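Each remark here refers to the structure printed beneath this line.
Readers should treat all values here as calculations from the given coordinates under stated rules, not as data from a laboratory. Treat the numbers as computed from the prediction; the structure is a model and nothing was measured. Note that we place each Cβ from the backbone using ideal geometry, even for glycine, and neighbour counts take in every protein chain shown.
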Amino acid sequence: MLSKISLAGWMVLCAALSPLPAQWLKLPDTSIPRTKDGKVNLTAPAPRKADGKADLSGIWIVPGPKYLQNLAADLKPGDVPMQPWAAALTKERQSGLHASEESDANCLPQGVPKINVTPVPFKIVQNPDEVIILYEAFGLYRQIFMDGRPLPKDPNPTWMGYSVGKWDGDALVVDTSGFNGKTWLDQAGHPATEALHVTERFRRPDFGHLTVEVTINDPKAYTRPWTVTETMQFLPDTDLLEFVCNENNRDLPHLVTH
């Protein structure tokens, strides 16, 4: 049984209601391709920037809680080759005894890649030298530097890590490292350490969908890298709202699953 935590449980409830209605005033975007009846044409060709690069800009949301609950949901058990200590810890976490230790239960960042599959919208802002991702969940953000800089060799460990990106055809390839090792990869309790290196390949196959191929490389927790592919859905005519989780969380004593 997966661990039960208050904030993540609330996010799962939101996901069950997806696709979400517009959260902002209904302000139709005239740049969005639409069918004759005014609906967004999700299968229209993906837009491109003036430089010919794929345009990933927009508001996106994962359409369900599957990967939040278990990042490896599409994989066989042997496809997630855990070190013995990591397998034992994951089993303990699934009992619910460690639920109050999960970062988002304490209003702390979910980390990468878990933040991408939290069923709350996020916004991609794409510039030539930097891609910014604004997450409604907890008011978090990421800066993906596209100016050719390398990842820091001796970083100050952080919750969200340090990200650099480059284009490989129509895929934006993002490498992220420098984590503090305090986050879980999912509610199933798959662990991560400070050695975690995440590679994401963002593609927009058509106007209404974004695929993210995620490779987990953490030699301290897993014996080899493993990869999953997630699909996000475009949210039209809306924008992000404020999401505050900084105080007054009274549920921690009740987070043990029975």
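Neighbours of residue 174, meaning other residues whose beta-carbon lies under 10 angstrom from its beta-carbon, give a summed charge of +1 when Lys and Arg score +1 and Asp and Glu score -1. All alpha carbon pair distances within the range 39-124 were sorted into 10 Å bins beginning at 0; the resulting P(r) in whole percents reads 13, 32, 30, 16, 9, 0. The modelled label-to-label distance between residue 43 and residue 141, using points 7 Å beyond Cα along the C-beta direction, is 3.8 nm.
Relative to the longest principal axis of the Cα atoms of the chain, the long axis of helix 6-16 lies at roughly 40 degrees. Label-to-label distance for residue 213 and residue 107 is 4.0 nm, based on points extended 7 Å past Cα in the beta-carbon direction. At q = 0.10, 0.14, 0.15, 0.20 Å⁻¹ the log10 of I(q)/I(0) for the range 123-258 amounts to -0.41, -0.80, -0.91, -1.43, computed by Debye summation with a single uniform scatterer per C-alpha, solvent ignored. Whole-Hz Karplus values for the range 143-160 come out as 10, 10, 7, 10, 8, x, 5, x, 5, x, 7, 9, x, 6, x, 9, 5, 9 Hz, taken residue by residue from phi with 6.51 cos²θ - 1.76 cosθ + 1.60 and θ = phi - 60°; glycine and proline positions read x. Each other residue within a Cβ distance under 9 Å of residue 240 adds +1 if Lys or Arg and -1 if Asp or Glu, for a net charge of -2.
If R0 is 51 Å, the Cβ-Cβ spacing of residue 79 and residue 50 corresponds to a FRET efficiency of close to 0.80.
Ordered by the number of other Cβ atoms lying within 10 Å of each residue's own Cβ, fewest first, 103, 177, 31, 57 fall into the sequence 31, 57, 103, 177. Taking a cut-off of 28 Å between Cα atoms, list the lysines near residue 39, but don't count ones fewer than 8 places away on the same chain. Qualifying lysines at Cα under 28 Å: 26, 49, 53, 66, 123. Helical runs assigned H by DSSP (4 residues or longer) give the chain a calculated mean residue ellipticity at 222 nm of -3000 deg cm²/dmol, each run adding -39500 (n - 2.57) before division by the residue total.
Between the C-alpha center of the range 163-208 and that of the range 77-94 there is a gap of 20 Å. With K and R counted +1 and D and E -1, the other residues having a Cβ less than 10 Å from that of residue 135 yield a net charge of +1.
The slack between residue 156 and residue 227, meaning 0.36 nm per residue of separation minus the straight C-alpha distance, is 22.9 nm. Computed from backbone phi with θ = phi - 60° and the Karplus coefficients 6.51, -1.76 and 1.60, the 3J(HN,Hα) list for the range 51-56 is 7, x, 6, 4, 9, 8 Hz; x is used for glycine and proline.
Label sites at residue 134 and residue 31, each approximated as a point 7 angstrom past Cα along Cα to Cβ, lie 1.4 nm apart. The value obtained for the range 29-174, namely the Cα convex hull volume divided by the number of residues, is 179 Å³ per residue.
Residues whose amide H falls under 5 Å from that of residue 185, counting only those 5 or more places apart or on a different chain, are 190, 192, with hydrogens built in the peptide plane. The angle between the Cα long axis of helix 84-94 and the main principal axis of the chain comes to about 80°, on a 0 to 90 degree scale. Our analysis of the chain gives Rg over Rh at 0.96, with the two radii drawn from alpha carbon positions and Rh computed by the Kirkwood formula.
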